[in-house]
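J.: I have a structure here, written as structure tokens, and I will follow up with some questions on it.
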Amino acid sequence: MLKDTTYSEKMAMLKGWLETIFQDIKKDIKNDHLKKDWNFAKSYFPKKNLNKLSAGQLAEGYAVAIDGSEQVDALGEFIANRWLLKNTDVYDYFARQLNQVTDDFDSLDVLDADVSKKIMNESTSYFGAQKTYLFSVFNSVVFPEEIYEELRLQAQKERDQETRDHESEKEQLDWAAKEEAYEQQISRLHDKYDKKFAGLEKKYLKDVEALKKQISTLQRKLDQQMVKS
């Protein structure tokens, strides 16, 4: 249950999902945090072009910051708020579901297990396990601990599958790039040897023509000698 969990604790829980989080908010992170806090940027992204940082690079730097910064709560709150603003569809869904339980969210200590299970299953089918888990942690949804653990495992499984799919796609792209490079190399070799063959053919034809002329000249001389004799 996360009702009283600090942002520092939330960020520790979501450390393995930082790259997923930054995929949604990397522009906000660069423009509204890194470019306004040069000391932070210099500390965790030295000699880096901030505009070109990928979500993965941001995740690496902020993971170190989360472990060592004294401002983790403020940083976590900033990240959470920006991510939630990018995912209002999940917020709307949870608001509708929780309104059926109570109008006073703050009064809830823990949701009923059956209700929690229903909300979790529906949300994961609509938005995926990772987005459901991130929202639940960031927004302190009062699921029972066993629901959080089940949701975390689903989110982890989904994340790992996405990683495998990405690596497989990257491998296919690498092979496609290599195949294209080989085809270009073969094409260049064809062009090279076609030109070389064309040059040899031209020289051959020229030599043959010269040889024909020599033979013709010799034949005339031979004929002349035979007439004289």
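The values are calculated or read from the model by the stated rules, or taken from the named source; none is laboratory data. It should be emphasised that the depicted structure is a prediction, and the values quoted were computed from it without experimental measurement. Don't worry about glycine lacking a Cβ; one is built from the backbone with ideal geometry, like all the others, and counts go over all protein chains shown. When the accessible area is computed, the model is the full protein with side chains, heavy atoms only, and any ligands, DNA or RNA have been set aside. Shrake-Rupley method; radii C 1.70, N 1.55, O 1.52, S 1.80 Å.
J.: If I go through segment 116-147 residue by residue, how many of them are assigned to a helix (DSSP H, G or I) and either over 16 Å from LEU98 (Cβ atoms) or among the aliphatic types (A, V, I, L, M) (or both)?
T.: Final tally of qualifying residues: 13.
J.: Would you be able to tell me the number of residues in segment 96-112 that are part of a helix (DSSP H, G or I) and exposed (fewer than 13 other Cβ atoms within 10 Å of the Cβ)?
T.: The total comes to 4.
J.: From GLU169, GLU201, GLU183, which residue is open to solvent by 100 Å² or more (accessible area, probe 1.4 Å), at pLDDT below 75 and farther than 30 Å from MET120 by Cβ?
T.: Selected residue: GLU183, the only one of GLU169, GLU201, GLU183 that is open to solvent by 100 Å² or more (accessible area, probe 1.4 Å), at pLDDT below 75 and farther than 30 Å from MET120 by Cβ.
J.: Can you work out which of the residues in segment 116-145 that are open to solvent by 50 Å² or more (accessible area, probe 1.4 Å) and modelled with pLDDT under 95 is farthest from TRP83 (Cα to Cα)?
T.: Selected residue: GLU145.
J.: Another question, if that's okay. Limited to segment 35-67, what total is found for residues that are touching a His at 6+ places or on another chain (Cβ under 9 Å) and open to solvent by 10 Å² or more (accessible area, probe 1.4 Å)?
T.: Residues flagged as touching a His at 6+ places or on another chain (Cβ under 9 Å) and open to solvent by 10 Å² or more (accessible area, probe 1.4 Å) within segment 35-67 amount to 1.
J.: For TRP83, work out the one condition from (1) over 27 Å from LEU34 (Cα atoms); (2) in contact with a helix residue (DSSP H, G or I) (Cβ under 7 Å, 6 or more places away or on another chain) it doesn't fulfil.
T.: Failing condition for TRP83: (1).
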